[in-house]
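The values are calculated or read from the model by the stated rules, or taken from the named source; none is laboratory data. This structure is a prediction, so every number in the text was calculated from the model and none was measured. Reconstructed Cβ throughout: ideal geometry from the backbone, glycine too, with neighbour counts over all protein chains shown. Note: areas computed on protein heavy atoms with side chains; ligands, DNA, RNA excluded. Shrake-Rupley method; radii C 1.70, N 1.55, O 1.52, S 1.80 Å.
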Amino acid sequence: MAKVGQYIRNNSQFAYSIILIFLIPILIIANTLWQIRLSRDTMSLELQKKAELAQTMLQESVNDPLNAELVQTKLDKITESNSEVKEITVLKQTTDGFVAIASTNNDELGLKYSSEDYINAWAGDKSFSEIAKDTSKTPNERYHMMTSILKDSVTGKKLAILSLKISNADIDASNKKNLDYSLIILAITIFLVLLLLINQFRFFQYAVLYRKLAEVDRMKDDFISVASHEMKTPMAAIKGYLSMLLEGLAGKYDKKTQEHLLKIMASVQRLDILVIELLDVSRLEQGRMKFDLQPCNISDLVKQSISSFQDQAAAKDLKLMEKIPAKLPQVFIDPERLRQVTDNLIGNAVKYTEKGGIEVSYRVEDGCLLTIVKDSGIGMSEGDRKNLFSKFYRIKNEKTADIPGTGLGLWLAREIVRKMDGDIIVNSQVGVGSEFVIKLPFMKEK
Ligand code: ADP
């Protein structure tokens, strides 16, 4: 967990995700509130327009002197057709304030008012509106109060004060509904974001694991590279002194000692091959293997390989031969590296064949030269063939138990051939033999 923490601290990606995770709900909340406010403003404006319309309707039908009965009829009509208009009162100025001469609320009729609002509105000849709350209701009902001056439609003389009370209840109810919906959506969003966060943590853990594996893999490559390099010098010294002993330069030795020395030499040679192969593996993996490509006749290399394994083949009574066609196209390869490949394939064929022989032949197919190393050896099953080109893979059965090897040869051979735009293909049958095919594009003659 501490490592996860360290990774997170080092990783700006995490900070970015956290910011996003908080920013998304904040933006959703801000947007919701802004939308609600916008719709409330629009609806308030609508209400105000209705109030103004009611005032205009009344204004058009009043004249000097004011007829209270006519005004009352008009007020009743207006409230009938506008459900939001809760109360309209018309107040006339008297010597000690304003008296309600017509109202949709009967309790108001005849009541006297001397409020500053009315006095100021009358004196300044102006309208004003405000939002008020009716605390007698739960939840409190909000009202839009509008006060304006009614004038004679011809002379413009001030006749009375018009007081309108419009309910905000519908707007508030719809806003509350919107808010409730938004809160539900917000809760779901936050829940989803939290799920995302948990998932993110899992990804972070995978990323940490991946880094760790890559690091371990790199360390392993470095170790192999350094260790095999460091082994080269002592190996050379051991081989040198062993040769000296075997040549008798350090004095005479008996038959038993000679046997022991030869066994040591065989083991040292196997160790030497392992070191060389390990060095090649690390060179290939780190892209440090150099290829000196040039036009070549592959048969020349095969001949060299065959002659170097001829003694081993003869010791097992195996025929080792090459079948060369009349015309062999040239390939563009690194001869030294390809010799390594032919050595491996021909060496394996000798190693894993008990009777019969090994034949190297050639075929031209689809712009490629195929070099076929065919043996009559122990062969291998389909299952074994699947992993054949994996590093350190060796087929384990009673036939291979006593045959020494590293399991690196075929991996190296295929990687080398692939670096030269070719490939290695294998066909095999248990107990019948194997066929390893080196496929390389040949050079077209000009
Ligand atoms: P090794 O050093 O073990 O020979 P290789 O990578 O060259 O490593 O070969 C991997 C395995 O493939 C061998 O251990 C052997 O079991 C099998 N193999 C390779 N060549 C042949 C062959 N010609 N016939 C049968 N088995 C083979």
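List of remarks:
- Whole-number Å³ per residue for the convex hull built on Cα positions in segment 79-232: 244 Å³
- Each Lys and Arg Cβ is given +1 and each Asp and Glu Cβ -1; about its Cα centre, segment 293-446 then shows a dipole of about 180 debye.
- Cross-link partners of LYS239 among lysines (Cα-Cα below 23 Å; sequence separation of 8 or more within a chain): LYS252, LYS255, LYS256, LYS263
- Taking LEU412, LEU53, LEU318 in turn, the Gaussian network model of the chain (Cα-Cα springs below 10 Å) assigns the largest fluctuation to LEU53.
- Counting Cα-Cα pairs of segment 343-446 in 10 Å increments starting at 0 gives whole-percent bin shares of 15, 47, 30, 7, 1, 0.
- Rounded to 5, percent antiparallel among DSSP beta bridges of segment 301-400: 60 percent
- Taken over the C-alpha atoms, segment 177-233 has Rg and Dmax values of 24.5, 85 angstrom.
- Taking only the Cα atoms of segment 257-358, the radius of gyration and Dmax are 16.5, 52 Å.
- Inter-part distance where segment 395-422 and segment 283-346 are each reduced to a Cα centre, Å: 15 Å
- Of all DSSP beta bridges in the chain, antiparallel share, percent nearest 5: 90 percent
- Value at 222 nm in deg cm²/dmol, rounded to 500, when DSSP H runs of n ≥ 4 in the chain each add -39,500 (n - 2.57): -19000 deg cm²/dmol
- Alpha-carbon centroid distance for the pair segment 348-367 / segment 245-264, whole angstrom: 37 Å
- Eigenvalues of the alpha-carbon gyration tensor of the chain, scaled by 5 and square-rooted, set the equivalent ellipsoid semi-axes at 108, 25, 18 angstrom, largest first.
- One chain, two ends: LYS386 and ILE190. Fully extended at 0.36 nm per residue, the span grows by 65.6 nm beyond their Cα-Cα distance.
- Over segment 203-300, the alpha carbon radius of gyration divided by the compact-protein estimate 2.2 N^0.38 Å works out to 1.66.
- Linear extension gain, LEU197 paired with ARG218, 0.36 nm per residue minus alpha-carbon span: 4.4 nm
- Taking all protein chains together and a 1.4 Å probe, the residues MET57, MET219, MET146 rank MET219, MET57, MET146 from largest to smallest accessible area.
- Calculated SAXS-style log₁₀ I(q)/I(0) at q = 0.21 Å⁻¹ - segment 338-397, Debye, Cα scatterers: -1.02
- Prolate/oblate/rounded call for segment 118-200, Cα gyration tensor, a/c under 1.5 rounded: prolate
- Proximal lysines to LYS319, defined as alpha-carbon separation beneath 21 angstrom and excluding residues fewer than eight positions away on the same chain: LYS303, LYS351, LYS355, LYS374, LYS399
- Solvent-accessible ranking of TRP411, TRP34, largest area first, probe 1.4 Å: TRP34, TRP411
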